[in-house]
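Here's the structure we're looking at; comments come further down.
The values are calculated or read from the model by the stated rules, or taken from the named source; none is laboratory data. Every value quoted in this text rests on a predicted model; they were computed, and no experiment measured them. Glycine also receives a Cβ, built like all others from the backbone with ideal geometry; neighbour counts cover every protein chain displayed. With ligands, DNA and RNA removed, areas are computed over all heavy atoms of the protein, side chains included. Shrake-Rupley method; radii C 1.70, N 1.55, O 1.52, S 1.80 Å.
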Amino acid sequence: MPKMKTKSSAKKRFKMTGTGKIKRKHAFKSHILTKKSKKRKLKLTHAGLVHKADEMNILKQLTLK
């Protein structure tokens with residue numbers, strides 16, 4: 001049986017923390033930044049965590065289940 005491959009898109013978008021949570025980047029920070037406030041852009045810069053409801057789907061894509 002062949003090896004299981006990870007989804008390349010998930011591999012690029014998510015990282016695991018030391019405690020097993022999944023880190024993600026915020027959306028809406030790539031273009032059209034002139035109309036967004038400095039405060040809003042600063043909050044989008046920092047990484048967030050994936051919601052508990054979505055964790056299993058992402059773990060399956062990363063084949064870490």
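Tabulated results
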read-out: Count of residues meeting criterion [under 13 Å from the mean Cα position of the chain (by Cα) and outside any helix (DSSP H, G or I)] in region 29-60; value: 6
read-out: Failed condition for His26, given (1) surrounded by 11 or more Cβ atoms within 10 Å (Cβ to Cβ); (2) outside any loop (DSSP other than H, G, I, E, B); (3) within 13 Å of the chain's Cα centre (by Cα); value: (2)
read-out: Odd one out for Phe14, checked against (1) surrounded by 13 or more Cβ atoms within 10 Å (Cβ to Cβ); (2) in contact with a strand residue (DSSP E or B) (Cβ under 8 Å, 6 or more places away or on another chain); (3) free of Cβ contacts under 8 Å to residues at least 40 places away in the same chain; value: (3)
read-out: One residue from Gly20, Gly48 being open to solvent by less than 60 Å² (accessible area, probe 1.4 Å), small (Gly, Ala, Ser) and free of Cβ contacts under 8 Å to residues at least 24 places away in the same chain; value: Gly20
